[in-house]
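Here is the structure we will look at.
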Amino acid sequence: MRANKKDRISRVKCVVDSCEYNEQANYCIASKIEIQPPDARDTEETDCATFSPRHS
């Protein structure tokens, strides 16, 4: 799911500094995102499955 800056999902704010898809401006630069699980009932139960640890 490698992304280019032009692919940035500008409406999706991400503040997880350790994710490789987090741009310095705190926006997701993944070309698509996946939120799980399907049976979540509130924010506490959701998880970004797109998360990938940032490599130094």
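Any read-out appearing in this document is the output of simple, stated calculations on the displayed coordinates, not a laboratory observation. What you see is a predicted model; the values in this text were computed from it and never measured. Reconstructed Cβ throughout: ideal geometry from the backbone, glycine too, with neighbour counts over all protein chains shown.
Close amide H partners of Ser52, meaning residues 5 or more places away or on another chain with modelled amide H under 5 Å apart, are Glu20, Tyr21. Within the set of other residues whose C-beta is less than 14 Å from the C-beta of Phe51, count the net charge using Lys and Arg as +1 and Asp and Glu as -1. Here the charged neighbours net out to -2. In this structure, the amide hydrogen of Ala30, modeled 1.01 Å from its nitrogen in the peptide plane, lies closer than 5 angstrom to those of Ile9, counting only residues at least 5 positions away or on a different chain. Whole-Hz Karplus values for region 13-20 come out as 7, 10, 10, 7, 4, 8, 8, 5 Hz, taken residue by residue from phi with 6.51 cos²θ - 1.76 cosθ + 1.60 and θ = phi - 60°; glycine and proline positions read x.
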